[in-house]
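Enquirer: Below you will find the structure I want to go over with you.
Every number in this text was worked out from the coordinates using simple rules, so none of it is lab data. What you see is a predicted model, and the numbers here were worked out from it, not measured in a lab. Note that each Cβ is placed from the backbone with ideal geometry, even for glycine, and that neighbours are counted across all protein chains shown.
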Amino acid sequence: MKLHEYQAKQVFADAGLPVPDSELAASVDEVVEAADRVGYPVAIKAQVQVGGRGKAGGIELVDSEEEAREAADRILGMDLKGLHVDRVLVEAAVDFVNELYVGVTMDRNEGKPVAMVSTKGGVDIESVAEETPEAISRVHVDPSFGMHPFQARKAVYDAGVERDVAMDVASVLTTLYQLWDDKDSTDIEVNPVMITSDREVVCADAVMNIDDDALFRHADLREMEEEGDTAQDDLEAKADEYGFDYVRLSGNTGIIGNGAGLVMTTLDLVDYYGGEPANFLDIGGGAKASRVANALDMVFSDENVDSVVFNIFGGITRGDEVAKGINEALESFDEIPKPVVVRLAGTNAEEGMEILNTDLVTVEKTLEDAVQRAVEYADTEADK
Ligand code: GDP
Ligand code: MN
């Protein structure tokens, strides 16, 4: 589970971390009311779960009611990297002189949590890690002891944070580690932590992800999850409803399979044959006709999709059952929006392939052929 910025900041504030005064708003009038209470200047920040909102035009600093109205009108309802913005955070603007990066995550190679600090904050930390890895200081923490204060100080000094604010930054880091541990977080990132002109330390952004398998012991976070659902990607919401594992990607070849490994393999092959996957969609085992129909409905609702490849391995799910599902689902369309390619293997695959209505789908015997065909179709459709 991924918290929204406003939710993570609530968690931060409860833990005593310094966050700017802020209020959530869902309409232009609410933005103005919130700004009156918070006090100008304010930052108006789109509450969608993607990075780089600033660059994408989802954050604006305003000085007056007139500017606030204009910015709110533009940001509310905008499409930010495929996500619909329906709420903004109205936050007291911070007068900053420096931006730091501070984060805690799991280092799987070391088998330990790692805390990171960098004075190159405010920008994309992945590119900092690639181009100037030495600009990020790291300390590993033994989870049975927690983060010792000296470790936090070391991380902060190693990063080159100025002395007069170092203790405050170190204290932010220890609290973040504590939260990471207490809340079963997989990663916490504050980018930027701002140093103000008054030499105060403020958490200006907040990213916090929670291990879904630990949510059962955090009633407060589960509530946040339900309440925060509104701005979710439409397709991802649909996937939740259908009980599918779905991830939207940026390409145009739609992919449906049963089993995560099978779907990943299909993704790799689409890439191998020069295509670009539009999604990861695992419909799970025991794929009945209705599940197949729902999966097609989902993939066709993604307007980027130019072709679809089904990769089904019949285990518990019998090939003939899946074939019937595919036929039924496709027969329900007046016109099939995009070409569909099917590869069936495993239990009753032969029967399945005979049942498939070849007026509606292209059937291929091998996975390689099916993927190549789907990529070809996607190319042709894209050129139309
Ligand atoms: P992100 O782009 O989604 O990571 O959103 P952030 O909250 O990190 O904001 C991006 C950038 O907007 C920051 O690095 C700042 O440069 C700027 N910004 C955000 N809030 C404020 C603010 O209150 N005051 C000022 N001056 N700049 C801000
Ligand atoms: Mn940020």
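Enquirer: For E99, E134, what's the fewest-to-most ordering of other Cβ within 10 Å of each Cβ?
Expert: Fewest-to-most ranking of E99, E134: E134, E99.
Enquirer: Here's another thing I want to ask about it. Pairing the Cα long axis of helix 219-228 with the longest principal axis of the chain, what angle in degrees results, from 0 to 90 and rounded to the nearest 10?
Expert: So the helix axis and the longest Cα principal axis differ by about 70 degrees.
Enquirer: For the stretch 179-186, just list the computed ³J(HN,Hα) in residue order, Karplus coefficients 6.51, -1.76 and 1.60, θ = phi - 60°, integers in Hz, with x standing in for Gly and Pro.
Expert: Values, residue by residue: 5, 3, 6, 4, 9, 6, 7, 8 Hz.
Enquirer: Next up: In debye, nearest 20, what is the charge dipole magnitude of the stretch 21-92 about its Cα centre with +1 on Lys and Arg Cβ and -1 on Asp and Glu Cβ, if you could check?
Expert: Approximately 540 debye in magnitude.
Enquirer: List the residues of the stretch 234-272 whose backbone N lies under 19 Å from a point placed 7 Å from the Cα of L215 along the Cα-to-Cβ direction.
Expert: Residues 234-248 qualify, since their backbone N sits under 19 Å from the label point.
Enquirer: Still on this structure, please answer the following. Go through the stretch 159-164 residue by residue and turn each phi into a ³J(HN,Hα) via Karplus (6.51, -1.76, 1.60, θ = phi - 60°); whole Hz please, and just put x for glycine and proline.
Expert: 6, x, 5, 4, 4, 5
Enquirer: Can you list the HN-Hα couplings for the stretch 101-109, worked out from phi with the Karplus curve (6.51, -1.76, 1.60; θ = phi - 60°), rounded to whole Hz and with x for Gly and Pro?
Expert: Going residue by residue, I get 10, 9, x, 9, 8, 9, 8, 5, 5 Hz, with x marking Gly and Pro.
Enquirer: Which whole-number value in Å³ per residue fits the convex hull of the alpha carbons of the stretch 96-227?
Expert: That works out to 119 Å³ per residue.
Enquirer: Right, another one. Out of the DSSP beta bridges found with both residues in the stretch 242-384, what percent are antiparallel (nearest 5)?
Expert: Roughly 20 percent of the DSSP beta bridges within the stretch 242-384 come out antiparallel.
Enquirer: Report the net charge of residues surrounding A295, where surrounding means a beta-carbon distance below 12 angstrom and charges are Lys +1, Arg +1, Asp -1, Glu -1.
Expert: My count for the surroundings of A295 gives -1.
Enquirer: In the neighborhood of V308, defined by Cβ-to-Cβ distances under 12 Å, what is the net charge if each Lys or Arg adds +1 and each Asp or Glu adds -1?
Expert: The answer is -1.
Enquirer: Further question: Once amide H atoms are built 1.01 Å from N in the peptide plane, which residues 5 or more positions from G314, or in another chain, come under 5 Å H to H?
Expert: Close amide H contacts, sequence-distant or interchain: A345, G346, T347.
Enquirer: For the stretch 234-383, what class follows from the C-alpha gyration tensor (a ≥ b ≥ c being the square roots of its eigenvalues): rounded when a/c is under 1.5, otherwise prolate if a/b is larger than b/c, else oblate?
Expert: rounded
Enquirer: Using the Cβ atoms and a cut-off under 13 Å, what net charge is assigned to the surroundings of L367, where Lys and Arg are +1 and Asp and Glu are -1?
Expert: Result for the local shell: -1.
Enquirer: Would you mind checking the pairs K2/K154; K154/K183; K81/K365; K338/K365; K288/K365 and listing those with alpha carbons more than 26 angstrom apart?
Expert: Violating the 26 Å limit, Cα to Cα: K2/K154; K81/K365.
Enquirer: Restricting to bridges with both residues inside the chain, how much of the DSSP beta-bridge set is antiparallel, in percent to the nearest 5?
Expert: 75 percent
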